[in-house]
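Each remark here refers to the structure printed beneath this line.
Only the coordinates and a few stated rules stand behind these numbers; no lab work does. These numbers come from a predicted model, not from an experiment. Counting neighbours? That spans all protein chains shown, and the Cβs are built from the backbone with ideal geometry, glycine included.
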Amino acid sequence: MSAAAPPDVDAVTDADSFARATGATPPQMADLQRFLALLTEWNANMNLVGPSALAEFWPRHAWDSAQLLKVAPEARSWADLGAGAGFPGIVLAILGKGRLGFHVDLVESMAKRCRFLSEVTATLDLPAKVHNARAEDLKLTVEIVAARACAPLSRLLGYARPYLNRGATGLFLTGQDVAAELEEATRCWELEASIVPSLSSERGQIVRVERLGRAKPV
């Protein structure tokens, strides 16, 4: 496992700075604003995210999600495991909309969250499909399998293993305890992984997984 040198964290605080950091077009920004409006509306009854998180939509959620496109700029097919409120998957679909062959599979086991995701993808006409299923039960072939705040890394790797075995690269948004999570994961898994410092938070990290297998018994 290796880690890259930490970059300067880009100061995204609002919609304008998000657009500058990502190069998002006016139509993409309009879609993101509509996504935020839908999230706010549905959150009143469903509690998709914490109330304080809505005020930090651009730096905490949108930019944290969008940075994955800088890590894998050529990737066209993505799967978001435990898509929840649409991070990172909906953000990726908005920013990839119009790119030839771009598609995001949104995988979520909770039906009520799938209803929200389906509403957003239909309203915004996104290149995305919602799967109300457990991640490990699907047979999807994608270039990138991603997740954010889905599960501890050791368990997440189990969910992602079928995708990785079919050739996907894993990009998993994690927090400052990534070293401890990786140490725990190596008790169950043999993995080829590297750590990419987050652009959205000095405490965040992205774990990039290229290969995964079961650890050999000691």
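Quick notes
- Estimated FRET transfer efficiency when R0 is 25 angstrom, pair ALA122-ARG155 (beta carbons, to 0.05): 0.20
- Inter-probe distance in nm under a simple model that places probes 7 Å from Cα toward Cβ, at SER109 and ARG187: 2.1
- Cα-based convex hull, segment 2-214, per residue volume (Å³, whole number): 111
- Here the calculated FRET efficiency for ARG166 and SER52, from their Cβ-Cβ distance with R0 = 41 Å, stands at 0.60, rounded to the nearest 0.05.
- A crude spin-label estimate for the pair ARG203 and ARG99, with each label 7 Å from Cα along the Cβ direction, gives 3.0 nm.
- Counted as membrane-span-like here are DSSP H helices of the chain whose alpha-carbon atoms extend 18 Å or more along the helix's own axis and whose Kyte-Doolittle mean is 0.0 or above; these are 111-124.
- Options LEU39, ILE90, PRO127, ranked by Cα towards positive dipole end of the chain, top entry (Cβ charges): PRO127
- Global form of segment 45-154, assessed from the alpha-carbon gyration tensor, a/c cut-off 1.5: rounded
- Selection from ALA193, GLY213, PRO51, by position along the positive dipole direction of the chain (Cβ): GLY213
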